[in-house]
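Nothing in this text is a laboratory measurement; each read-out follows from the coordinates by a stated rule. The structure presented is a predicted model; accordingly, all values stated were derived computationally and were not measured. Neighbour counts run over all protein chains shown; Cβ positions are idealised from the backbone, glycine included.
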């Protein structure tokens, strides 16, 4: 599976402002930014991102997935702190 395919699936399924995907074909790191994460626990955020990708996880097109979910405000703060 390609990085842009994961981005397209997530952008189509969730109300996200930004999606950043990196990975090597089966192991991926995803950063998602959206208002929908406001007030959600980390577990709920992870579940929201996993849901539209479950078919790809089930058939092993995605073997491992690391997720970082942010609200736009959290993303602005963390980006400044990490120098991105």
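Structure summary
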{"item": "Set 58, 13: member being exposed (fewer than 13 other Cβ atoms within 10 Å of the Cβ) and out of contact with any strand residue (DSSP E or B) (no Cβ under 9 Å at 6 or more places or on another chain)", "result": "58"}
{"item": "Qualifying positions in the range 42-63 - closer than 16 Å to residue 32 by Cα, in contact with a helix residue (DSSP H, G or I) (Cβ under 9 Å, 6 or more places away or on another chain) and in contact (Cβ under 8 Å) with a residue 12 or more places away in the chain", "result": "45, 48, 49, 50, 51, 52, 53"}
{"item": "Residue list for the range 63-84, restricted to those being more than 13 Å from the chain's Cα centre (by Cα), in a loop (DSSP other than H, G, I, E, B) and surrounded by 11 or more Cβ atoms within 10 Å (Cβ to Cβ)", "result": "63"}
{"item": "Some residue of the range 39-60 being part of a strand (DSSP E or B) and under 10 Å from the mean Cα position of the chain (by Cα)", "result": "no"}
{"item": "Criterion (over 17 Å from residue 70 (Cβ atoms), over 10 Å from the mean Cα position of the chain (by Cα) and not in a helix (DSSP H, G or I)) met by exactly one of 12, 25", "result": "25"}
{"item": "Pick from the range 33-52, criterion surrounded by 18 or more Cβ atoms within 10 Å (Cβ to Cβ) and in contact with a strand residue (DSSP E or B) (Cβ under 7 Å, 6 or more places away or on another chain), ranking: nearest to residue 6 (Cα to Cα)", "result": "49"}
